[in-house]
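Asks: Pasting a structure below so you can have a look.
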Amino acid sequence: MHVNELFNLTGKVAIVTGGGRGLGLQIATGYAEAGAHVVLCSRSLEACQEASESIAKLGVETLALQCDVTNEDSVKEVIKQTIEKFGKIDILVNNSGASWGASAEEMPIKAWEKVMNVNVTGTFLMSREVGKVMLQQGQGKIINIASVAGIKGSSPEELNAIGYSTSKGAVITFTKDLAVKWGPRGINVNALAPGYFPTKMSKGVLESNGEKILKGTPLKRFGSDDDLKGAALFLASPASDYVTGVVLAVDGGMTA
């Protein structure tokens, strides 16, 4: 297979949760640029619709849907509408996420539960329902968005959000275990662990702790609007057909 074919997604169908903005939008745009049809879903239907209209200009088909990834019925409806429109699902990116800044001793239980429900339960529910389709197809790629915060501990001066860090560690373990369970049935399951990218979720952290974070980042910069595209494309494309259970850090060297 020619290298251009290895990274070609023409005709593939990808679902990206939290795809209306931030890292999800960057990934969805990259997939569309590689030829994939894209389904964008999140709690904000308006954001997904705006992103969908923009991505459609690349010449692919898009679908914008509202979805609460912690709600089974909402998740099932996304899969139902995707199948009705496209007939298959080749790629799932579990990107929807939540965070809460608080010291470990002051973390409210309701905030902890919200973060765990979105980041862990949401990833499980989407993977379970999309997985049913992929298992019938005998193929598929699942990419979970973890974080460098799930790989290592973070000083309070860098990131004081123990619920978020714990949830991303759980996403990493979920990725590895599901990769072993579904690998024999044709499904690749991998994770991306981004470092710090300027997004709505990270804005407050970067404004208050940006200089300290950069001191621990060998490349001495934050992620750009393009830095996650290549890694996400690799894990979704035929180029990664022999890769599963991997956590790929895209972090400027923070975890080196």
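Conditions tested, residue by residue: (1) under 25 Å from Met126 (Cβ atoms); (2) within 17 Å of the chain's Cα centre (by Cα).
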{"residue": "Asn144", "(1), (2)": "yes, yes"}
{"residue": "Ser154", "(1), (2)": "no, no"}
{"residue": "Ala161", "(1), (2)": "yes, no"}
{"residue": "Lys181", "(1), (2)": "yes, no"}
{"residue": "Met201", "(1), (2)": "yes, yes"}
{"residue": "Ala232", "(1), (2)": "yes, yes"}
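Asks: Is it true that Lys176 is in contact with a Gly (Cβ under 6 Å, 6 or more places away or on another chain), over 22 Å from Ala98 (Cβ atoms) and among the charged types (D, E, K, R)?
Replies: yes
Asks: Also, I was wondering about something else. With (1) open to solvent by 20 Å² or more (accessible area, probe 1.4 Å); (2) of a type in the set (S, T, N, Q); (3) touching a Lys or Arg at 6+ places or on another chain (Cβ under 9 Å) as the list, and Asn71 as the residue in question, which single condition is left unmet?
Replies: Going through the list (1) open to solvent by 20 Å² or more (accessible area, probe 1.4 Å); (2) of a type in the set (S, T, N, Q); (3) touching a Lys or Arg at 6+ places or on another chain (Cβ under 9 Å), Asn71 breaks only (3).
Asks: Right, something else. Cβ contacts < 8 Å: first residue more than 16 Å from Gly24 (Cα to Cα) and modelled with pLDDT of 95 or more, restricted to the stretch 229-240; second residue among the aromatic types (Phe, Trp, Tyr) and surrounded by fewer than 20 Cβ atoms within 10 Å (Cβ to Cβ), any location; separation 6+ or different chain. Result?
Replies: Ser237/Phe7; Pro238/Phe7; Ala239/Phe7; Ser240/Phe234
Asks: Let me ask another. Evaluate the following for Leu135: is it within 15 Å of the chain's Cα centre (by Cα) and either closer than 22 Å to Gln49 by Cα or open to solvent by less than 70 Å² (accessible area, probe 1.4 Å) (or both)?
Replies: Taking the combined requirement at face value, the residue does not satisfy it.
Asks: Further question on the same structure: What's the number of the condition Pro218 fails, among (1) surrounded by 21 or more Cβ atoms within 10 Å (Cβ to Cβ); (2) farther than 30 Å from Gly87 by Cβ?
Replies: Of (1) surrounded by 21 or more Cβ atoms within 10 Å (Cβ to Cβ); (2) farther than 30 Å from Gly87 by Cβ, only one is false for Pro218: (1).
Asks: Whether any residue in the stretch 172-194 is hydrophobic (A, V, I, L, M, F, W, C), in contact (Cβ under 8 Å) with a residue 60 or more places away in the chain, assigned to a helix (DSSP H, G or I) and open to solvent by 60 Å² or more (accessible area, probe 1.4 Å) is what I want to check.
Replies: The answer is yes; a qualifying residue exists.
Asks: Pairs please, first residue from the stretch 52-63 and under 12 Å from Ala28 (Cβ atoms), second anywhere and open to solvent by 90 Å² or more (accessible area, probe 1.4 Å) and at pLDDT 95 or above, Cβ atoms under 8 Å, 6+ apart in sequence or on different chains.
Replies: Partner pairs satisfying both residue conditions: Leu58/Glu33; Thr62/Glu53; Leu63/Lys85.
Asks: May I pose another question? Within the stretch 48-68, restricting attention to residues that are open to solvent by less than 20 Å² (accessible area, probe 1.4 Å) and touching a Cys at 6+ places or on another chain (Cβ under 8 Å), which residue is farthest from Val133 (Cα to Cα)?
Replies: By that ranking, first place goes to Cys48.
Asks: Within the bounds of the stretch 131-144, is there any residue that is part of a helix (DSSP H, G or I), in contact with a Ser or Thr (Cβ under 9 Å, 6 or more places away or on another chain) and modelled with pLDDT of 95 or more?
Replies: So far as the stretch 131-144 goes, yes, one or more of its residues are part of a helix (DSSP H, G or I), in contact with a Ser or Thr (Cβ under 9 Å, 6 or more places away or on another chain) and modelled with pLDDT of 95 or more.
Asks: Something else now. All but one of (1) surrounded by 15 or more Cβ atoms within 10 Å (Cβ to Cβ); (2) not in a strand (DSSP E or B) hold for Lys80; state the number of the condition that does not hold.
Replies: Among (1) surrounded by 15 or more Cβ atoms within 10 Å (Cβ to Cβ); (2) not in a strand (DSSP E or B), the lone unmet condition for Lys80 is (1).
Asks: If I go through the stretch 227-250 residue by residue, how many of them are open to solvent by 20 Å² or more (accessible area, probe 1.4 Å), farther than 13 Å from Pro198 by Cβ and either of a type in the set (A, V, I, L, M) or assigned to a loop (DSSP other than H, G, I, E, B) (or both)?
Replies: Our first condition is that a residue be open to solvent by 20 Å² or more (accessible area, probe 1.4 Å); within the stretch 227-250, this holds for 227, 229-230, 233-234, 238-239, 241-244, 246-250.
From what's left, farther than 13 Å from Pro198 by Cβ: 229-230, 233-234, 238-239, 241-244, 246-250.
With the extra rule that they be either of a type in the set (A, V, I, L, M) or assigned to a loop (DSSP other than H, G, I, E, B) (or both), the set shrinks to 233, 239, 241-244, 246-250.
Here the count works out to 11.
Asks: Could you please let me know if Lys88 is of a type in the set (Lys, Arg) and either open to solvent by less than 40 Å² (accessible area, probe 1.4 Å) or in a helix (DSSP H, G or I) (or both)?
Replies: Numbers: of a type in the set (Lys, Arg): yes; either open to solvent by less than 40 Å² (accessible area, probe 1.4 Å) or in a helix (DSSP H, G or I) (or both): no.
The answer is no for Lys88.
The values are calculated or read from the model by the stated rules, or taken from the named source; none is laboratory data. For clarity, every value in this text was computed on a predicted model and none was experimentally measured. Backbone-built Cβ (ideal geometry, glycine too); neighbour counts: all protein chains shown. Ligands, DNA and RNA are stripped out before the accessible areas are found, and what is left, the full protein with its side chains, is counted by its heavy atoms. Shrake-Rupley method; radii C 1.70, N 1.55, O 1.52, S 1.80 Å.
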